[in-house]
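The values are calculated or read from the model by the stated rules, or taken from the named source; none is laboratory data. Every value quoted in this text rests on a predicted model; they were computed, and no experiment measured them. Please note: Cβ atoms are built from the backbone with ideal geometry, for glycine as well, and neighbour counts cover all protein chains shown. Note: areas computed on protein heavy atoms with side chains; ligands, DNA, RNA excluded. Shrake-Rupley method; radii C 1.70, N 1.55, O 1.52, S 1.80 Å.
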Amino acid sequence: MRRNAAKLQDGGGEPAVWIGVNYWSRTGGPLMWRNYQPAVIDEELRTMREHGITLTRSFLYWPDFMPAENTLDEELLAHFDDFLDRHQALGMTTIPTFIVGHMSGQNWDPAWRAGRDIFSDASFVAQQEWYVGTLAARWKDHPAVAGWLLTNEIPIYAHWQSRGIGTVDHVAVTAWARTLIDALRAAGATQPVSVGDGAWGVEVTGADNGFRVRDLAPLIDFHGPHVYRMETDAVRQHLGAAFICELLDIEGRPVIMEEFGLTSDYVSEENAAHYYRQVLHNTLLAGATGWIPWNNTDYDDLYEQEPYSHHPFEMHFGLTDHLGRPKEQLREVKRFAEVLDRLDFPRLHRPDTSVALVVSSFLEKMYPFTQPEDATSVFAHTRQAYVAAREADLPVGVAREADGLPDDCALYLLPSAKQLTAPGWRALTERAAAGATVYASYFVGEHSNQRGPWWPRLDETFGVRKALRYGLTDPIEDDELRMVFRRDFGTIRAGEELAFTVAGTENSRAYLPVEPDGAEVVAVDAHGRPALLSHTVGNGRMILCTYPIEHMAAVTPRANPEPTWRLYAALAAEAGVTPEVTVDDPRVLVGTMTHEDGCTFVWFVSQHDEPLSCTPALASGSLFDLDGAKLPTVDLPPFGVVVAELAR
């Protein structure tokens, strides 16, 4: 199975990697163009350049740049001309963002909008079309322009109360995006373009805000997620943006981390650097090929200016403080850029995989008479399964049912899935018959509407007789699931026990009572009931877990690491999947990338808040650090990253 790591191309057709920063000068934030100070801008850009940042994302504050219909502010345009020239002089580039009506906790309308709909009012769309086309024509040939973004987080601007969910029409949005991109191209602009909406579409979140990734993908050149998740679990937090990157493997477009970051008001500087390190390296391993954190500087001197007056934490997202002094997270970006340069990252790619994490089409399809929780639970469970697979050091790939499941994998993981389509189930059983191992865990849903597994021919598929009663669940009464193995199973020995914390709603905290009818009982619970069963189907196997273990972990705070990684590692071994490099510690995540010359590089990413050492197990070859010294053990600082070379 191919895993996405597509890259943009520079003007000469070479692979390009964007290491940038979202940029407002400390002289005015969104109002910087009114108070344009070239000397300060030079200083700010030089500081970024000295720390490995060669690109900015810049913003044309719409009410100022377009004060009236068919009118642009010539003084501000001249300021932006100068801004581009200063980038060029420093060997930097920028991505102009046209329609900036939302920023940092506030929306701003141009004075002439008069309440018109952004996407469907013909006269208002025509003004946007003119604006984009005119500005693109002015700057299309400037060597400092690396790309274009139509907007900044426009779903919030369109309807801030709902963030566009249920209030914005996807047909109108797609037509609007096509109109503006056509205007850009008609003006002669050839650089990459994207929407700037945050990639919060239904295909990623399970909630439809009108900006459907599949509809927009044919129009754009890259996906640009904005990720500011807040979690109850450190590993889910560290892998949150990475999982979004995996989900954005749609139409083969490059994934650029267009926005991520944190405010210093929420976190210590040491922990801010840890977070940056985790996001940068984990998203790289998940296929991202560009990074643009929010943002370059703090804004303490703007405390009386909106939005900072009412959202004061927004003053302190900077990589530097308000005097331009670097914070530790800027130094972390520099270290990351140095690693990428040393590895010749433009010529690295993710190796193919034979482990597929199945994403139910119920995440995005909005089938009739289903509930919103049906979609959001798919996101939660597949993300938790992604965490467990990464803890098991499996090179997992995301396989969307909506795209058709790949037929070249040895292991398919279907975690706590209430719903899959009938063709999806047929495809999985066919994969098993052809020799694959297919794992599925039981889940009835979090609500009471059609509560139960939508699994056709469950008994025949898994070689069991279910003892379910209509309209009722079989509640898990223990606070802990103790899964005891009756025989050796992959990397788990007979007699071993895995202990899972039980959690869920009155509906979802339920197990599947079955008796084997052709299947082998691999593990039982504390009451002797089947907990894991293996059923031979053709040349492969269907593996049934009768407990929703991924769901239980997903709704449990501070859950990770939890024992699902042991089960996934065992499933991989049973399926004949051997990771090139693995460590026997779920607090260290291992990932690999391959250079086009054949070299393989290995990442070790610690999820522990104290130093630790690990001894990697290698399928073949030896590990060396990047200076050429042999590396039998890997020493990691708190939340640290070590990159090594695997020599075969």
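Give the calculated FRET efficiency between Q161 and E74 to the nearest 0.05, with a Förster radius of 35 Å applied to their Cβ-Cβ distance.
0.45
Please state the relative contact order of the chain as a whole percent: Cα pairs under 8 Å, 6+ residues apart?
Relative contact order, the chain: 12 percent.
Run the numbers for L472 and A422: contour at 0.36 nm per residue of separation, minus the present Cα-Cα distance, in nm.
15.7 nm
So how do W112, W33 rank on accessible area, 1.4 Å probe, biggest first, that is with the largest at the start?
Per-residue accessible area, sorted high to low, gives W112, W33.
Need one number: nm distance between label points at D10 and W130, each 7 Å from Cα along Cα→Cβ, rounded to one decimal.
Rounded to a tenth, the inter-label distance reads 3.9 nm.
Out of the total accessible area of the chain (probe 1.4 Å, heavy atoms of protein only), what percent is carbon and sulfur?
Of the solvent-accessible surface of the chain, carbon and sulfur hold 48 percent.
Between D169 and Y367, what's the calculated FRET efficiency when r is the beta-carbon distance and R0 is 25 Å? Round to 0.05.
Plugging the Cβ-Cβ distance into 1/(1 + (r/R0)^6) gives 0.80.
Which angle between 0 and 90 degrees, to the nearest 10, do you get for helix 74-89 versus the longest principal axis of the chain when only C-alpha atoms count?
The two axes meet at around 60 degrees.
At 7 Å along Cα-to-Cβ for each site, give me the label-to-label distance between F313 and E231 in nm.
1.8
What does the charge count near F222 come to, summing +1 for each Lys or Arg and -1 for each Asp or Glu among other residues with Cβ under 10 Å from its Cβ?
0
What ³J(HN,Hα) values, in whole Hz, does the Karplus curve 6.51 cos²θ - 1.76 cosθ + 1.60 give for region 9-23 when θ = phi - 60°, with x put for Gly and Pro?
Couplings: 10, 7, x, x, x, 8, x, 10, 10, 8, 10, x, 7, 6, 10 Hz.
Mind listing P(r) for region 496-648? All alpha-carbon pairs, 10 Å bins, whole percents.
Per 10 Å bin, starting at zero, the Cα-Cα P(r) for region 496-648 comes out as 9, 29, 28, 21, 11, 1 percent.
With each pseudo-label sitting 7 Å past Cα toward Cβ, what's the K630-H595 distance in nm, one decimal?
Modelled inter-label distance: 2.2 nm.
Can you tell me how region 303-434 classifies by the Cα gyration tensor, rounded, prolate or oblate, using a/c under 1.5 as the rounded cut?
Since a/c reaches 1.5 but b/c is at least a/b, the shape of region 303-434 is classed as oblate.
Looking at (1) 28.2; (2) 26.0; (3) 27.0, which value of Kirkwood radius over Cα pairs in Å comes from a calculation on the structure shown?
Of the listed options (1) 28.2; (2) 26.0; (3) 27.0, (2) comes from this structure.
Please calculate how many Å² of accessible area region 240-299 carries per residue, with a 1.4 Å probe and no DNA, RNA or ligand atoms counted.
Dividing the accessible area of region 240-299 by its residue count gives 19 Å².
Please turn the phi angles of region 146-163 into ³J(HN,Hα) values with the Karplus equation 6.51 cos²θ - 1.76 cosθ + 1.60 (θ = phi - 60°), one per residue in order, whole Hz, x for glycine and proline.
8, x, 9, 10, 5, 8, 10, 6, 5, x, 6, 5, 5, 7, 5, 5, 9, 6
On C-alpha positions alone, give me the angle between the axis of helix 269-285 and the longest principal axis of the chain, in degrees, nearest 10.
70
PRE reach from R325 (point 7 Å along Cα→Cβ): which of region 236-279 fall under 11 Å by backbone N?
In region 236-279, the label zone of R325 (backbone N under 11 Å from the point 7 Å along Cα→Cβ) covers no residue.
How much accessible surface area, in Å² rounded to 10, belongs to the heavy atoms of R212 with a 1.4 Å probe?
Approximately 50 Å² for this residue.
Are any of the pairs K7/K418; K7/K327; K7/K140; K7/K334 more than 31 Å apart by Cα-Cα distance, and if so, which?
K7/K418
Normalise the Debye intensity by I(0) for region 526-613, one equal point scatterer per Cα, no solvent, then take log10 at q = 0.20, 0.26 Å⁻¹ and round to two decimals.
Taken in order of the listed q values, log10 I(q)/I(0) reads -1.14, -1.33.
What number comes out for accessible area per residue over region 24-146 if the probe is 1.4 Å? Units Å², please.
Ligands and nucleic acids excluded, the result is 35 Å² per residue.
Helix-only mean residue ellipticity at 222 nm, the chain, DSSP H runs n ≥ 4 weighted -39,500 (n - 2.57), per residue, nearest 500. What is it?
Per the formula, -8500 deg cm²/dmol.
Using a Förster radius of 60 Å, what is the FRET efficiency between A647 and A122 based on their Cβ-Cβ separation? Nearest 0.05, please.
0.45
Which of rounded, prolate, oblate describes region 242-323, given a ≥ b ≥ c as roots of the alpha-carbon gyration tensor eigenvalues and a/c under 1.5 marking rounded, otherwise prolate only if a/b is larger than b/c?
Note, shape of region 242-323 comes out prolate.
May I ask you to compute the full-extension gain from L219 to R457, defined as 0.36 nm times their residue separation minus their alpha-carbon distance, rounded to one decimal in nm?
Gain on extension, L219 to R457, equals 81.6 nm.
So how strong a dipole does the chain carry about its Cα centre when Lys and Arg Cβ are +1 and Asp and Glu Cβ are -1, to the nearest 20 debye?
For the chain, the charge dipole is close to 1460 debye.
May I ask you to give the solvent-accessible area per residue for region 494-554, in square angstrom, as obtained with a 1.4 angstrom probe?
Each residue of region 494-554 exposes 33 Å² on average to a 1.4 Å probe.
Enter the angle in degrees (range 0 to 90, nearest 10) between the Cα long axis of helix 564-574 and the first principal axis of the Cα atoms of the chain, meaning the one along which they spread out most.
70
Please list 3J(HN,Hα) in residue order for region 304-312, calculated via the Karplus relation 6.51 cos²θ - 1.76 cosθ + 1.60 where θ = phi - 60°; whole Hz, with x for glycine and proline.
8, 9, 5, x, 5, 5, 9, 10, x
What is the gain in length, in nm to one decimal, between D141 and D408 on full extension, counting 0.36 nm per residue of separation less the C-alpha to C-alpha distance?
91.6 nm
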